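The values are calculated or read from the model by the stated rules, or taken from the named source; none is laboratory data. The structure displayed is predicted, hence computed values, not measured ones. When we count neighbours, we look across all protein chains shown, and the Cβ atoms used for this are built from the backbone with ideal geometry, even at glycine. Please note that ligands, DNA and RNA were not included when accessible areas were found on the heavy atoms of the full protein model with its side chains. Shrake-Rupley method; radii C 1.70, N 1.55, O 1.52, S 1.80 Å.
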Amino acid sequence: MKFANLNNLSLVKLLFKIIFFVAIIFNVNAAEKIDLNKILPMDTKITYGKLDNGVTYYVKNNQLPKNKAYVELVIKAGSLHENDDQQGLAHLLEHMAFNGTKSFPKNKIDEYLRSLGLSLGADFNASTSFERTIYKFQIPTSDEKYLDTGIHILSEIGSELTLEDEAFDRERKIVEEEWRRGLGKLDRINELQKPYLFKNSKYLERDPIGTMDVIRNFKYETAKEYYRQWYRPELMGVFIVGDVDQKKAEQIIKKYFSSMKAKTPAIEKPLGTVPKYNDTVFANITDPELSGIYLSVLNREPKLFIETGVNYKDHLIRDLTDTIFQKRLNRILIEQDSPLISAYVNIAELSEQEEMYAVTAMLKEGQVNEGLKFLLTVKGLS
């Protein structure tokens, strides 16, 4: 979880958002009735489309930074969609994307992007989660051909990976080393938390890094089967934001993505949700490298999708109350003799459909009971 202290400036910005929202609501003809339950319209400055094969795309001109564009290919498939013998292969295929496509064999993608002055990690990268695989480039736009080639590369990652045997064997070792580097304190703690957070769900059975038994021993065809099944146009979204001509960028997307076809019939996607626990879950997690005592109170709730006016209003109210709550906690830590060393409020994603409202604190030595009582009763906030 990532936490951040909120200062007066953030509170002022949030208040301006709320005032702006209220102004929009009331700045209408008195006879006109606004239905806040309707889906909010898309920003008219965004070029949006959906190709016949199901690929969706979004293009937005943004002139700063000058002569640059951020492009992404998002595939709505990740480790949650793996079979038992494919655990870790969604992530490994992400690595394979830079090992060659039909028009950019071997390491030509890497060579081309580096020839533009781009570096791995900072300017081009990829990531795999439970539900998504994302490829992202930062492309110079001083010449239209750079964007054209960048979108061409993304289209071939989506449908034309060469998936050569020797590349698979190289990536096995790289992924295993990545797994080994991840055997630290935070990863151990996350593993201990998972049975409680993801109770009774497929999220508990899958992890983007996978299992090393599969990574070391999978058959090439097993990985290719995942690629054929889940790298399909109706699960893809293309995003371009930057110093671009929106019409020309749209034409480039159509040029390379319109002919893409699914390689296998579609199958039902796993449900990206965690079943209700039906009780309160308690966990006592220890690790020899923990330097203090931490206490978290997590309240599970449906994810708030900002699709309607009602939901946007709820989002603003939640942000405002979180900000006030955090500022009050900060003040208590300064002014009162509490059992806490530090405390933070945060909303963390649990699954595609659920999130956790979290209050986390570092406790003073020997004051676990007092700290728990403090957080549950929120002493001093009245």
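Quick one: grab the alpha carbon gyration tensor of the chain, order the square roots of its eigenvalues as a ≥ b ≥ c, and give me rounded if a/c is under 1.5, else prolate or oblate depending on whether a/b is larger than b/c. Cα axes put the chain in the oblate bin. Taking the Cα centre of region 234-291 as reference, the dipole from Cβ charges on Lys and Arg (+1) and Asp and Glu (-1) amounts to some 600 debye.
Could you give the size of the charge dipole of region 39-175 about its Cα centre, using +1 on the Cβ of each K and R and -1 on the Cβ of each D and E, expressed in debye and rounded to the nearest 20?
So the dipole magnitude of region 39-175 works out to roughly 620 debye.
Here the sum of -39500 (n - 2.57) over DSSP H runs of 4 or more residues, divided by the residues of the chain, equals -12500 deg cm²/dmol at 222 nm, to the nearest 500.
Between the listed residues Val310, Ser338, Tyr112, the Cα displaced farthest toward the positive end of the dipole of the chain, a dipole computed from Cβ unit charges relative to the Cα centre, is found at Val310. For the chain, a crude dipole built from +1 on the beta carbon of Lys and Arg and -1 on the beta carbon of Asp and Glu, taken about the Cα centre, is about 880 debye to the nearest 20. Within the accessible area of the chain, the carbon and sulfur atoms contribute 53%, probe 1.4 Å, all protein chains present. Mark the label point 7 Å from the Cα of Lys269 along Cα→Cβ and return the residues of region 117-147 whose backbone N is within less than 12 Å of it. So the set is 131-133. Build a GNM of the chain with springs between Cα atoms under 10 Å: which of Thr280, Thr222, Thr44 gets the top mean-square fluctuation? Taking springs between Cα atoms under 10 Å, the residue moving most is Thr280.
Here the extension length gained between Arg188 and Val281 equals 31.5 nm, from 0.36 nm per residue of separation less the Cα-Cα distance.
Taking every protein chain into account, the accessible area of region 81-153 amounts to 39 square angstrom per residue (probe 1.4 Å). Note on the chain: dipole from Cβ charges, positive end direction compared against Pro140, Leu197, Met260; the farthest Cα belongs to Pro140. Select from Trp230, Leu320, Leu295 the residue farthest towards the positive end of the dipole of the chain; place +1 on Cβ of Lys and Arg, -1 on Cβ of Asp and Glu, and compute about the Cα centre. Working it through, the farthest residue towards the positive pole turns out to be Leu320. Think of a 1.4 Å ball rolled over the protein heavy atoms: region 191-297 then has 58 Å² of accessible area per residue. Springs join every pair of Cα atoms under 10 Å in this Gaussian network model of the chain, and among Leu116, Leu192, Leu73 the largest mean-square fluctuation is at Leu116. Within the straight-line cut-off of under 19 Å between alpha carbons, the aspartates and glutamates reachable from Lys45 are Glu72, Asp243, Asp245, Glu250, Glu307, sequence neighbours fewer than 8 places apart in one chain being disregarded.
For a straight C-alpha distance cut-off of 18 angstrom, the lysines reachable from Lys199 (same-chain residues fewer than eight places away being disregarded) are Lys276, Lys303.
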